[in-house]
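Encoded as structure tokens, the structure appears first; notes follow it.
The values are calculated or read from the model by the stated rules, or taken from the named source; none is laboratory data. Quick caveat, the model's predicted, so the values are computed rather than measured. Please note: Cβ atoms are built from the backbone with ideal geometry, for glycine as well, and neighbour counts cover all protein chains shown. Protein only, heavy atoms only, side chains kept; ligands, DNA and RNA dropped before computing areas. Shrake-Rupley method; radii C 1.70, N 1.55, O 1.52, S 1.80 Å.
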Amino acid sequence: MNIDENHIWHPYANIPNKVPTYHVESAEGVYLNFKNGARIIDGMSSWWCMIHGYNNSYINDAVKSQIDKVSHVMFGGLTHQPAIDLCEKLINLTPKGLDKVFFADSGSVSVEVSLKMAIQYWQNKGQKEKSYFVTPRGGYHGDTFGAMSVCDPNKGMHHLFSEVLPKHYFVNQPKHDNTDEALSDLESRLSKSHKKIAAMILEPIVQGAGGMNIYEMDYLKGARALCDKYNVLMIVDEIATGFGRTGELFGCNHANIEPDIMCIGKALTGGYMTMAAAITNQKVSETVGVLMHGPTFMANPLACSAAIASIDLLVESNWKKRVSEIETILRDQLMPLQSHQSIFDVRVLGAIGVVEFNEELDMKKTQEKLIESGVWLRPYGRLLYTMPPFVISDNELLVITQAMAEIVDDSIK
Ligand SMILES: *Cc1c(COP(=O)(O)O)cnc(C)c1O
């Protein structure tokens, strides 16, 4: 009996699962070791997370040493050194002004918390009618209800839950060449509806799971200015873009903006454990007062210790140079694919390389072919993309880009 196939739900899948699952027995560096003996390069960093690779001895040691002290303790009324140390590091790393840290247990939860912060902020200011959000189309902010309600209304899960999801305001998607137009759409929405809008939420520079869209930093600058002009808070969701992925430490560093609330997650613990945070400024924390949220596993000490170790590794490494080298290789190898007749667009920023096809890819067949080439990627719709661990070698990266090029070649035959 196949327990996995018949009894376990995988992400966005049914039971029995129509797409094969590959059994990982162990992993080290950029390699996943499958039970069948295959050794596969992870070009996904397990969904943006494993920036330092798997089985990293420094993070391993940090977690091992913490587990002998205390693995978990409730955060209501109690505190611990890993939370304090991690908080301090995050305050130093994130844009100026962000210095009040709410630890959450997953990215989606940190988004829920950020939305609650924004609503409570305006309630306490006596402007209860400011309870809606504005967000660009094409975004992705998680799978819980609040987060879902600000995901792209067409590509997301809105149609399944349209009766129960709150209705928010969607504005034009910023792209690599439409900043003025997208900003003027945002301004016209804000000028009409700002009295009802608590905050704008967006993924800075790169919209991830909603379509791997890279846009101009001038949009971020403009959006910040409009949020100020119309008295709307700005929430940046850095869950995918954070910790160096786009070539800057955070996506909003490209535009040098200071958001009111920032969500981080994914690579926060170097992919070791589930943890996220919503970080805000004095203005918001002061006005919010008591924040009505408190997850059971808030600030889990093991997760904090992994996050501290991961941040130490990042800060002490020459990550910026490495990400820029990865970007150069991705550009050199992937950009030429743009001329193939089956390709709609190729986009590269930092350690992110995206090939968009004209037609949807067959996920199962494409994945099988990639695995034959020794590469793990998860094609999605018309997209084939990679966001490798920063510790990948040039040669390993070339194995990934070569495998992607072969998929492109195959699609023409
Ligand atoms: C992954 C992701 C989330 C959700 O995080 P989870 O940990 O899966 O809940 C939210 N926003 C963005 C931009 C993400 O990439």
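Below, the figures for the structure above:
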item: Per-region count, the stretch 97-128, residues over 15 Å from MET200 (Cα atoms) and either within 11 Å of the ligand (Cβ to nearest atom) or not in a helix (DSSP H, G or I) (or both); result: 18
item: Contacts under 6 angstrom Cβ, first residue in the stretch 199-224 being of a type in the set (Asp, Glu), partner at pLDDT 95 or above, 6 or more apart; result: GLU203/GLY139; GLU203/ASP237; GLU216/THR179; ASP218/THR179
item: Residue match in the stretch 241-248 (condition: away from the ligand (no atom under 16 Å from the Cβ), assigned by the TED database to the domain that holds ILE67, polar (S, T, N, Q) and not in a helix (DSSP H, G or I)); result: no
item: Answer residue from the stretch 136-174, given it is within 14 Å of the ligand (Cβ to nearest atom) and out of contact with any helix residue (DSSP H, G or I) (no Cβ under 9 Å at 6 or more places or on another chain) and is nearest to ALA277 (Cα to Cα) among those; result: GLY139
item: Complete set of residues in the stretch 170-186 that are touching a Leu at 6+ places or on another chain (Cβ under 9 Å) and without any contact (Cβ under 8 Å) to a residue 40 or more places away in the chain; result: VAL171, ASN172
item: The stretch 286-313, subset in a helix (DSSP H, G or I) and open to solvent by 40 Å² or more (accessible area, probe 1.4 Å), residue nearest to the ligand (Cβ to nearest atom); result: LEU313
item: Residues (modelled with pLDDT under 95 and surrounded by 24 or more Cβ atoms within 10 Å (Cβ to Cβ)) located in the stretch 181-238; result: none
item: The one condition in (1) surrounded by 13 or more Cβ atoms within 10 Å (Cβ to Cβ); (2) touching a residue at least 60 places away in the same chain (Cβ under 8 Å) that SER65 fails to fulfil; result: (1)
item: Qualifying residues in the stretch 25-62 (those that are touching an Asp or Glu at 6+ places or on another chain (Cβ under 8 Å) and within 17 Å of ILE371 (Cα to Cα)) - the one most open to solvent (accessible area, probe 1.4 Å); result: LYS35
